[in-house]
1. Please specify each residue of the range 103-115 satisfying the condition of being under 30 Å from ARG29 (Cβ atoms) and not in a strand (DSSP E or B).
2. Among the strands (runs of 3 or more DSSP E) contained in the range 207-280, which hold 3 or more residues that are touching a residue at least 40 places away in the same chain (Cβ under 8 Å), over 19 Å from THR78 (Cβ atoms) and in contact with a helix residue (DSSP H, G or I) (Cβ under 6 Å, 6 or more places away or on another chain)?
3. Quick check on ARG199: is it part of a loop (DSSP other than H, G, I, E, B) and either free of Cβ contacts under 8 Å to residues at least 60 places away in the same chain or surrounded by 20 or more Cβ atoms within 10 Å (Cβ to Cβ) (or both)?
4. Scan the range 171-198 for residues that are hydroxyl-bearing (Ser, Thr, Tyr) and farther than 17 Å from ILE75 by Cβ and jot them down.
5. Looking at ILE204, is it of a type in the set (A, V, I, L, M), crowded, with 22+ Cβ neighbours inside 10 Å and touching a helix residue (DSSP H, G or I) at 6+ places or on another chain (Cβ under 9 Å)?
6. Quick check on the range 31-39. Is at least one of its residues in a helix (DSSP H, G or I), without any contact (Cβ under 8 Å) to a residue 40 or more places away in the chain and crowded, with 21+ Cβ neighbours inside 10 Å?
7. Kindly indicate whether ALA52 is in contact (Cβ under 8 Å) with a residue 12 or more places away in the chain and either more than 16 Å from GLN246 (Cβ to Cβ) or part of a loop (DSSP other than H, G, I, E, B) (or both).
8. Determine which single condition THR78 fails, assuming it passes every other condition in (1) hydroxyl-bearing (Ser, Thr, Tyr); (2) touching a Gly at 6+ places or on another chain (Cβ under 9 Å); (3) without any contact (Cβ under 8 Å) to a residue 12 or more places away in the chain.
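Each value in this text was obtained by applying a stated rule to the coordinates, not by laboratory testing. Keep in mind that this is a model prediction, so the values were computed, not measured. Here the Cβ positions follow ideal geometry from the backbone for every residue, glycine too, while neighbour counts run over all protein chains shown.
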Amino acid sequence: MKSTSKSSSSETTRLDSATIRAFALALDRAERTGVQIPLISQDYPATTMDEAYAIQTEWVGIKRSAGDETVGWKIGLTSKAMQSALSINIPDSGVLLRSMVFPNGARIPADRFIQPRVEAEIAFITKAPIEAGDCSAEAILAATDYIAPAIEILDTRIMRKDPRSNVARNVIDTISDNAANAGIVLGHPVRSFRSLDLRWLGAILMRNGEVEETGLGAGVLNDPLISVGWLAQRLAQYGERIEAGQIVLSGSFIRPVEAQYPSHIVGDFGPFGRVECRFG
């Protein structure tokens, strides 16, 4: 199951295809049962980002073979604060599946997620592919049908912290866990956006009527368009691209907010609308 070079220690172990498959199946089981798995980064500290993305891809394949389908992408770790917390200086990405999409105002059953948290983001819905060869701001705007206020629902199929060492999960765990993505709630389309400076598009996130976080689009790599361009380039390295009709979550304005049951979550984007959901 494991392949090694000179040492059999997990500190130098590379993940073979069987191990990657086993982790993907464990993630699938964790989502279905609500029982999280241990940190991959603790048991296999030599795991690379490429291997973590391979686990993510294998997990997505399990979902798709069960009848789910890819509807887009999410970009995470776009703020300096979140990158610093995970000791990384680049974003990460995950896959959006049809089963993750909830209507605005949805009531989410108490058994749907393990430890849900929420973030406020700008979603881009495309009308044409976005290629890595031309992912300038102008090209991204031309390929975008509309934007929409969005709430991303995060969940952790991998433990947030190792109970043995008290060490927090790192970027290897996050990427393997589909960049912690578990759901998305979209607000109404905003079509008059091409002349806007998206750095100044802001949101207030409230839980049960109280303001928990506020933020601006500038918190996303200085501009959400830069974030989408980064995704286009990353996907090209793996032979993929942002396709027409897909949703792209460009990155959070805010720190994650816990969504304990019951919770009423509202993302107020001012003149660009509101998006909300209820947990429990």
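1. So the first thing to find is which residues in the range 103-115 are under 30 Å from ARG29 (Cβ atoms), and the list is 103, 106-115.
Scanning the range 103-115 gives PRO103, PRO109, ALA110, ASP111, ARG112, PHE113, ILE114, GLN115.
2. Values: elements: 210-216, 247-252, 263-268, 274-279.
It comes to none.
3. Details: part of a loop (DSSP other than H, G, I, E, B): no; either free of Cβ contacts under 8 Å to residues at least 60 places away in the same chain or surrounded by 20 or more Cβ atoms within 10 Å (Cβ to Cβ) (or both): yes.
No: the conditions fail for ARG199.
4. Of the residues in the range 171-198, the ones hydroxyl-bearing (Ser, Thr, Tyr) are 174, 176, 192, 195.
SER192, SER195, listed by residue number.
5. Details: of a type in the set (A, V, I, L, M): yes; crowded, with 22+ Cβ neighbours inside 10 Å: no; touching a helix residue (DSSP H, G or I) at 6+ places or on another chain (Cβ under 9 Å): yes.
The answer is no for ILE204.
6. The initial filter retains those residues of the range 31-39 that are in a helix (DSSP H, G or I), namely 31-33.
Next cut, without any contact (Cβ under 8 Å) to a residue 40 or more places away in the chain only: 32-33.
Add one more test, that the residue is crowded, with 21+ Cβ neighbours inside 10 Å, and what stays is none.
Checked against the condition, which is being in a helix (DSSP H, G or I), without any contact (Cβ under 8 Å) to a residue 40 or more places away in the chain and crowded, with 21+ Cβ neighbours inside 10 Å, the range 31-39 yields no hits at all.
7. Details: in contact (Cβ under 8 Å) with a residue 12 or more places away in the chain: yes; either more than 16 Å from GLN246 (Cβ to Cβ) or part of a loop (DSSP other than H, G, I, E, B) (or both): yes.
In short, yes.
8. If we test THR78 against (1) hydroxyl-bearing (Ser, Thr, Tyr); (2) touching a Gly at 6+ places or on another chain (Cβ under 9 Å); (3) without any contact (Cβ under 8 Å) to a residue 12 or more places away in the chain, just (3) comes out false.
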